[in-house]
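Notes to accompany the following structure.
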Amino acid sequence: MQKRIWIFFSIIVLSPMHQVIAIDAETFFRSPSVKLAIVKSTGNIKVSSKDQFDKVPFSSSSLVTPVLTLIQPPAYFLDETRWGYHTEISTTYFLLDYDEDDLRYRDGDFEGYSLSVTPVLFYQWGDKELCSHCKSWRIELGAGVNYLNSEGDLTAENGEKLRFGNTGFGFNSHLGVVVNFKKWELGLRMVVPTRVDDQNVKVRHALSSIGLGYRF
């Protein structure tokens, strides 16, 4: 039932009625390009496991990960406006360490992958198109659906290991500033706290990131 709700929600988000009416099908279903980026994140992820532990932080201070994204070319609501939108589908792998400042456990790690579908609204300066000689920058607001598949462990002071895993859906959202130079992209994104809940394990994160990417 929960998965059906998320699927229904993602369809509504990705296909808002006013856009379907105002924009022809060729524009709306335009072909995406591939973007490969290296992303440095900062912040932490807090994990709660039912009957085991509550809000244990895992740090991303040394986390540098590749991010693969299918991203649509920008589309504008009107020819004379710089307001536009695109949709992107991203997947990434992560590996985080237990935040030793928490002091409750000796060691631990948290790893997995995530997949997100995110419609993005933006306002852009400079060239409207992306090409081999174009330059632009924009501010953007994205909000969508996130799927998380993860597992981790914590080592207590007596050496006992607690193992946990999470597979579930949640929201993702961010506010960002993005600079485009030719086919390169430099982006700074501040992520709004995101929560994923599979009933037994809850994951909450607020990771901000800076990434350098290239569109093929």
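Give me a count of the residues in the stretch 49-62 that are part of a strand (DSSP E or B), open to solvent by less than 80 Å² (accessible area, probe 1.4 Å) and within 23 Å of residue 208 (Cα to Cα). Spell out how you get there, then give the answer.
From the stretch 49-62, those part of a strand (DSSP E or B) are 49, 53-59; that's our starting set.
Restricting the remaining residues to those that are open to solvent by less than 80 Å² (accessible area, probe 1.4 Å) gives 49, 53, 56-59.
Filter once more, keeping what is within 23 Å of residue 208 (Cα to Cα): 56-59.
Total meeting the criteria: 4.
Among residues belonging to the stretch 190-216 that are open to solvent by 80 Å² or more (accessible area, probe 1.4 Å) and without any contact (Cβ under 8 Å) to a residue 60 or more places away in the chain, point out the one that is nearest to residue 130 (Cα to Cα).
Of the stretch 190-216, the ones open to solvent by 80 Å² or more (accessible area, probe 1.4 Å) are 190, 195, 199-200, 204, 210, 212, 216.
Within this subset, residues satisfying the condition of being without any contact (Cβ under 8 Å) to a residue 60 or more places away in the chain are 190, 195.
On the way: 190: 23, 195: 33 Å.
Across the stretch 190-216, the extreme among qualifying residues is 190.
Do we have residue 117 as open to solvent by 30 Å² or more (accessible area, probe 1.4 Å) and within 21 Å of the chain's Cα centre (by Cα) here? I'd like the intermediate steps shown before the answer.
Working: open to solvent by 30 Å² or more (accessible area, probe 1.4 Å): yes; within 21 Å of the chain's Cα centre (by Cα): yes.
Taking the combined requirement at face value, the residue satisfies it.
Can you tell me how many residues within the stretch 99-114 are hydroxyl-bearing (Ser, Thr, Tyr), open to solvent by less than 80 Å² (accessible area, probe 1.4 Å) and under 21 Å from the mean Cα position of the chain (by Cα)?
Quick first cut of the stretch 99-114, residues hydroxyl-bearing (Ser, Thr, Tyr) only: 105, 113-114.
Adding the requirement that they be open to solvent by less than 80 Å² (accessible area, probe 1.4 Å) leaves 105, 114.
The next check asks that each one be under 21 Å from the mean Cα position of the chain (by Cα); those that pass are 114.
So the count comes out to 1.
When you scan the stretch 63-73, how many residues do you find that are in a strand (DSSP E or B) and open to solvent by 30 Å² or more (accessible area, probe 1.4 Å)?
Here is the first cut: in the stretch 63-73, the residues in a strand (DSSP E or B) are 64-71.
Okay, now just the ones that are also open to solvent by 30 Å² or more (accessible area, probe 1.4 Å), so 64, 66, 68, 70.
Residues that pass the stated criteria total 4.
Tell me, which residue of the stretch 85-98 that is of a type outside the set (Val, Ile, Thr) and closer than 19 Å to residue 174 by Cα is nearest to the chain's Cα centre (by Cα)? I'd like the intermediate steps shown before the answer.
Of the stretch 85-98, the ones of a type outside the set (Val, Ile, Thr) are 85-86, 88, 90, 93-98.
Filter once more, so that each one left must be closer than 19 Å to residue 174 by Cα: 85-86, 88, 90, 93-94.
Working: 85: 16, 86: 15, 88: 10, 90: 7, 93: 11, 94: 12 Å.
So the residue we want is 90.
Kindly list, by first and then second residue, each pair from a residue in the stretch 66-82 that is under 14 Å from residue 214 (Cα atoms) to a residue that is among the aliphatic types (A, V, I, L, M) and open to solvent by 70 Å² or more (accessible area, probe 1.4 Å), limited to pairs with Cβ atoms under 7 Å and residues at least 6 apart or on different chains.
Close Cβ pairs (under 7 Å, with a partner that is among the aliphatic types (A, V, I, L, M) and open to solvent by 70 Å² or more (accessible area, probe 1.4 Å)) amount to 66/36; 66/38; 68/36; 69/89; 70/89.
Hey, among the residues in the stretch 28-48 that are open to solvent by less than 50 Å² (accessible area, probe 1.4 Å) and modelled with pLDDT under 90, which one's nearest to the chain's Cα centre (by Cα)? Before the answer, list the steps.
So the first thing to find is which residues in the stretch 28-48 are open to solvent by less than 50 Å² (accessible area, probe 1.4 Å), and the list is 28, 30, 33, 35, 37, 39, 41, 43, 45, 47-48.
Still in the running and modelled with pLDDT under 90: 28, 30, 33, 41, 43, 45.
Working: 28: 22, 30: 22, 33: 17, 41: 11, 43: 14, 45: 13 Å.
My answer is 41.
Can you pull out the residues in the stretch 173-189 that are open to solvent by 20 Å² or more (accessible area, probe 1.4 Å) and in contact with a strand residue (DSSP E or B) (Cβ under 6 Å, 6 or more places away or on another chain)? Break it down into steps so the answer makes sense when it comes.
Here is the first cut: in the stretch 173-189, the ones open to solvent by 20 Å² or more (accessible area, probe 1.4 Å) are 173, 175, 177, 179, 181-184, 186, 188-189.
Within the stretch 173-189, 173, 175, 177, 179, 181, 183, 184, 186, 188, 189 qualify.
Quick one: what pairs do we get from the stretch 151-180, first residue more than 16 Å from residue 197 (Cβ to Cβ) and β-branched (Val, Ile, Thr), second open to solvent by less than 40 Å² (accessible area, probe 1.4 Å) and in a strand (DSSP E or B), C-beta under 7 Å, 6+ apart or different chains?
The qualifying pairs are 155/108; 178/138; 178/140; 178/185; 178/187.
Quick check on my filter: what residues within the stretch 138-172 are in a strand (DSSP E or B) and surrounded by fewer than 16 Cβ atoms within 10 Å (Cβ to Cβ)? Talk me through it step by step, then tell me what you get.
If we filter the stretch 138-172 for residues that are in a strand (DSSP E or B), which is where we start, we get 138-155, 161-172.
If the condition is that a residue be in a strand (DSSP E or B) and surrounded by fewer than 16 Cβ atoms within 10 Å (Cβ to Cβ), then 139, 141, 143, 149, 151, 155, 161, 162, 163, 165, 167 are the ones that fit.
Tell me, yes or no, whether the stretch 160-172 has at least one residue that is under 30 Å from residue 54 (Cβ atoms), among the hydrophobic types (A, V, I, L, M, F, W, C), under 20 Å from the mean Cα position of the chain (by Cα) and at pLDDT below 95. Before the answer, list the steps.
As a first pass, look at the stretch 160-172 and keep what is under 30 Å from residue 54 (Cβ atoms): 160-172.
Next, only the ones that are among the hydrophobic types (A, V, I, L, M, F, W, C) stay: 162, 164, 169, 171.
Then drop every residue that is not under 20 Å from the mean Cα position of the chain (by Cα), which leaves 169, 171.
This time we only want the ones that are at pLDDT below 95, so: 169, 171.
Within the stretch 160-172 (the criterion being under 30 Å from residue 54 (Cβ atoms), among the hydrophobic types (A, V, I, L, M, F, W, C), under 20 Å from the mean Cα position of the chain (by Cα) and at pLDDT below 95), the answer is yes, since at least one residue qualifies.
Which residues, counting only those in the stretch 74-88, are surrounded by 16 or more Cβ atoms within 10 Å (Cβ to Cβ) and either at pLDDT below 90 or assigned to a strand (DSSP E or B) (or both)?
If we filter the stretch 74-88 for residues that are surrounded by 16 or more Cβ atoms within 10 Å (Cβ to Cβ), which is where we start, we get 74, 76, 82, 84-88.
Within the stretch 74-88, 74, 76, 84, 85, 86, 87, 88 meet the criteria.
The values are calculated or read from the model by the stated rules, or taken from the named source; none is laboratory data. Everything quoted here is computed from the prediction, not taken from an experiment. Backbone-built Cβ (ideal geometry, glycine too); neighbour counts: all protein chains shown. When the accessible area is computed, the model is the full protein with side chains, heavy atoms only, and any ligands, DNA or RNA have been set aside. Shrake-Rupley method; radii C 1.70, N 1.55, O 1.52, S 1.80 Å.
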